Amino acid sequence: MSANDLVTLREAGEMLRVSGNTMRRWLRLGYVPGAKPGRDWRIRRVDVEKLLEEVNDGRGSVGATEPGG
């Protein structure tokens, strides 16, 4: 896999263990970078993994209203 592999909103949500609605909110608010070419969101896998690392290091909180909060 390359560093720029893309995942869907659903795949990112499963990786982070949050709902699709939470992922959509985080994407709209810019907490997670992503692109919406057409109808569906696409998120770089490395960005999801980075957020997971931050949570595991105690710098973020997956499942809260917003990452880091």
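This table checks each residue for (1) among the small types (Gly, Ala, Ser); (2) open to solvent by less than 90 Å² (accessible area, probe 1.4 Å); (3) modelled with pLDDT of 95 or more.
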residue	(1), (2), (3)
LEU6	no, no, yes
ALA12	yes, yes, yes
ARG17	no, no, no
PRO37	no, no, no
ARG42	no, yes, yes
ARG45	no, yes, yes
GLY63	yes, yes, no
PRO67	no, yes, no
Scan the range 12-19 and give yes if some residue there is in a loop (DSSP other than H, G, I, E, B) and either touching a helix residue (DSSP H, G or I) at 6+ places or on another chain (Cβ under 7 Å) or of a type in the set (A, V, I, L, M, F, W, C) (or both), otherwise no.
yes
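The values are calculated or read from the model by the stated rules, or taken from the named source; none is laboratory data. Just so you know, these numbers come straight off a predicted model, no measurement behind them. A quick note on method: Cβ atoms are made from the backbone with ideal geometry, for glycine too, and the neighbour counts reach across all protein chains shown. Heads up: the accessible areas ignore ligands, DNA and RNA and are worked out on the full protein's heavy atoms, side chains in. Shrake-Rupley method; radii C 1.70, N 1.55, O 1.52, S 1.80 Å.
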